[in-house]
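Structure, as structure tokens:
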Amino acid sequence: MLLLMSFISVNVEYFPEPIYPIANPDSPIVSLGRELFHDPILSKDSTVSCASCHSQYNAFAHSDHALSHGIADRIGTRNAPALVNLAWSESFMWDGASFSLEAQVLTPLTAHHEMDNSLDTILNRLNKHPKYSYLVQQAFGKSPIQTKHVLKAIADYESTLISRNSRYDSMRMHLVEFTEQEKKGYTLFKQHCNRCHAEPLFTNGQFANNALPIDTSLNDMGRFRITDDSAHIRHFKIPTLRNLLYSFPYMHDGRFKRLRDVFNHYAKGINMHDETRSIKNPIPLSSNDITDLLSFLHALTDRTFIFNPAFSQIHYPQRNQ
């Protein structure tokens, strides 16, 4: 029986300690999780995988549509968030409905507008598949594939999706210096954005109401749906800004295709109360300011993360049972 439970540490002095254990990328459990993540076998009609809505080349987000699509082209209610640095998260999904990576994996597998499958069907398919019999044996021994194996394997794989090799990171490690424009953008960022998009993860992991006008067709009340606390109406998880040039469109419902649209929203002021149209804290950004901010945000792009072959699917040879 081969069961590798080792974890790795992130030796970057300006990064906080992770909340969730980061699995060893070479673990056979991670290998199993990587294969499952990319395999449409998990969906009801075997057409949609986790990677269908979380494409590596879009920073593990979904750029084709404002709202993510599931099997039979069913339209969801939100845009799939980017999967990056999840080991530093205490809760998952736009409304924080899941409090562990394993629990988060369960939701898309069974949701009607996503994979719409049953756990019994998933396990039956995997236990009959020679490839997965082999991979599960390598990861967990000879026991039949169980739900806990599927959830742990995908969660461990997702814990390895770490982005920390951008130009910003090189600057923090004193390997490069920012250009003058990047410096101006960084200053503006720290003045106006850092409270919610806190360095170095570029999210504080909390929930906030950024006062987007509500989409009346979706009527999405955000975290309120989970907590039933009126103070959480229209609160959504603050996303990371890392690799955001790849993770468009923006906001929980993907309503903004361009970063300039996002800046314009904040520059006009935040409409905290639709019924009174009151305005709160507009961010005074000139056209030059926006250009400088964009220059800084470009520095959050980590191409070694976007194109890392270790995150991609590996095709294993078929094995006889």
Practice item. Enumerate the amide H contacts of S98 below 5 Å, restricted to partners 5 or more residues apart or on another chain; note that Pro and chain-start residues carry no placed amide H. Key: F92
Check your understanding: Between K257 and A208, what is the spin-label point distance in nm, taking each point 7 Å from the Cα along the Cα→C-beta axis?
Key -> 2.7 nm
**Study point:** Farthest toward positive dipole pole in the chain [+1 Lys/Arg, -1 Asp/Glu at C-beta], among Y168, A80, P25
**Key:** P25
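Within the chain, which is the longest segment containing none of the trypsin sites (Lys or Arg not before Pro) that sit in a DSSP loop and have at most 16 other Cβ atoms within 10 Å? Please list the in-between numbers first.
Details: sites that count: R74, K142, R195, K257, R258, K268, R277, R319.
No qualifying site falls inside 1-73, the longest such stretch.
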Point to revise | Spacing of the two label points (7 Å from each Cα toward its C-beta) at S143 and A97, in nm | key: 2.8 nm
Review point. What list do you get for M171, M115 if you sort them by fewest beta carbons within 10 Å?
Key: M171, M115
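How would the stretch 7-163 be classified by its alpha-carbon gyration tensor: rounded, prolate or oblate, with rounded meaning a/c under 1.5 and the a/b versus b/c comparison settling the rest?
Details: a/c = 1.87, a/b = 1.07, b/c = 1.75.
Cα axes put the stretch 7-163 in the oblate bin.
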Study note, to complete from the structure: Per the rule of 0.36 nm per residue minus the C-alpha distance, extending R74 to N165 adds in nm 29.2 nm
Review point. Once every DSSP H run of n ≥ 4 in the chain is given -39500 (n - 2.57) and the sum is divided by its residues, what mean residue ellipticity at 222 nm do you get, rounded to the nearest 500 deg cm²/dmol?
Key: -9000 deg cm²/dmol
Review point. How high is the FRET efficiency from T216 to L175, r the C-beta distance, R0 41 Å, rounded to 0.05?
Key: 0.25
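Which value does Rg/Rh take for the chain over its C-alpha atoms, Rh per Kirkwood? Mind dumping the intermediate values first?
Working: Rg = 20.6 Å, Rh = 20.9 Å.
With Rh from the inverse mean 1/r over Cα pairs, Rg/Rh is 0.99.
Readers should treat all values here as calculations from the given coordinates under stated rules, not as data from a laboratory. Values in this document were obtained by computation on a predicted structure and should not be read as measured data. For neighbour counting, all protein chains shown are included, and Cβ atoms are generated from backbone atoms with ideal geometry for every residue, glycine included.
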